[in-house]
Amino acid sequence: MTDAVRDSYDARAKEYANLFLDHLDRVAHDREWLGAFARLVSAGAGVVADVGCGPGNVVNYLAELGVEAIGYDISPAMIDEARRAFPGSKFHVGDLTSLDIADCSLAGMVARYSLIHVAPAQLTDVFGEFFRVLEPRAPVLVSFFAANSSVTHGLPFDHAVVTAHALFPEKVVAEMQAVGFDGFEVSTRKPLDGERPLDHGTILARRGSR
């Protein structure tokens, strides 16, 4: 799946950037959750990573909130778009399932709609990787298309770029708890006009101290 995700987003990087660079201007709900995340990042604590950063708009928004953020994306073409749009920010090619980041080195992490391309059976391993690179008590914010029950958790849906899975928020919380995250806040919202007919889930949590 890693190669398919990279190649598919490479092929549509410019189109995707044009569609989503102004996403946060249009969705107040997402801005509010990023603001809540930013308030949990300790002042002067260090760098936050946006994994699956796409065209870089979230990295830029976090910088506007006073958070030092770096973007990672598996698609080199998408990273090129991010660097073009936000030349003052830092972006790197990277795979969220295997991050080239030192243990306990990040002050926070954001993963917006990147988990949907991970096979559901791999989610625990991915959250273990998130746990590894975060400092104790650092916040993590994840957003995804939400399934409406545990029965439909992980079922693929028609995604314009590459295979994607809707995730049931309670199952995602359980996967995160299993590797040591706690302090959960969970929200879902209905799709806005023009969005695909799926709910949106957001989870804000903290890395445990162990």
Could you tell me what a quarter of the Cα convex hull surface of the chain works out to, in nm² with one decimal place? 10.3
What are the principal axis extents of the Cα atoms in region 107-210, in Å, biggest first? 40, 25, 24
Leaving out same-chain residues fewer than 8 places away, which aspartates and glutamates sit with a Cα under 15 Å from that of Lys190? Asp30, Asp199
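Taking the Cα centre of region 2-207 as the origin, how large is its charge dipole in debye, to the nearest 20, when only Lys and Arg (+1) and Asp and Glu (-1) carry charge on their Cβ atoms?
Dipole of region 2-207, to the nearest 20 debye: 300 debye.
Mean separation of Cα pairs under 8 Å and 6+ residues apart, divided by the residue count of region 2-207: what relative contact order is that in percent? Don't skip to the answer; put the middle values down first.
Numbers: 409 pairs, mean separation 37.7, N = 206.
Normalised by residue count, the contact order of region 2-207 is 18 percent.
Read-outs: derived from the displayed coordinates by stated rules, not from any lab. These numbers come from a predicted model, not from an experiment. As a convention, Cβ positions derive from the backbone with ideal geometry for all residues, glycine included, and neighbour counts pool all protein chains shown.
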